[in-house]
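The values are calculated or read from the model by the stated rules, or taken from the named source; none is laboratory data. The shown structure was predicted, so the numbers you read here are calculated from the model rather than taken from an experiment. Using ideal geometry, Cβ is built from the backbone for each residue, glycine included, and neighbour counts are taken over all protein chains shown. Quick note on the areas: whole protein, heavy atoms, side chains included, nothing else; ligands and nucleic acids left out. Shrake-Rupley method; radii C 1.70, N 1.55, O 1.52, S 1.80 Å.
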Amino acid sequence: MERGVLEENMLGAWIGARGMLKDSKITKNLTYNEAVVMKIVYDQYRQDGVGRTAVGTIVRRTNMLKSLVNRTINALCQRGCLRRERGEEDGRNLFVYPVEERLGEFLSVHQQSLTLARRIVDVVGEADAAAFVRMVEKLEQAGLEI
């Protein structure tokens, strides 16, 4: 396939994928940004049972402005989903933790997202789904913002 055609097809596919995700309502009861932040914190919680996540890590992983990440974290703290803590050694460092009693709210939304992911795997197959994950990870490692 000619490179210019491939690039046009990639943009079209990206727009189509974004539209499917937006229309799927995978962030019911949470804004999209809240769901993304909670997913990052939940991933850390699954790894270590605590979930301590640096705000800077969330900024880097999401490519969102620090001010937007802070507003999102403020909203999640007000709802009782996250708690915030300053670093003990360096008070400039800010960390967030999931509030375990409120994880159920996020997990119900997360299950809907996993159901969508399962449907996608069923349609495209495990090999293509795994290839998609590898491609996105490679783009993240390259620091590409899309």
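Across the chain, the mean sequence separation of Cα contacts (distance under 8 Å, 6 or more residues apart), normalised by length, yields a relative contact order of 21 percent.
Could you calculate, for the stretch 51-146, the ratio of the Cα radius of gyration to the Kirkwood radius, expressed as Rg to Rh? Let's see the in-between values first.
Details: Rg = 16.5 Å, Rh = 15.7 Å.
A ratio of 1.05.
Around the amide H of Arg83, modelled in the peptide plane, lie the amide H atoms of Tyr97, Val99, all under 5 Å away and 5 or more residues distant in sequence or on another chain. In this structure Asp122 has an accessible area near 130 Å², from a 1.4 Å probe over the protein heavy atoms.
Between Glu105, Glu85, Glu126, the GNM of the chain built on Cα springs shorter than 10 angstrom shows Glu126 fluctuating the most. Rounded to the nearest 20 debye, the dipole magnitude of the chain is 460 debye, with +1 charges on Lys and Arg beta carbons, -1 on Asp and Glu beta carbons, and the Cα centre as origin.
The stretch between Asn9 and Ala117 holds 36.7 nm of extra length on full extension. This uses 0.36 nm per residue minus the Cα-Cα distance.
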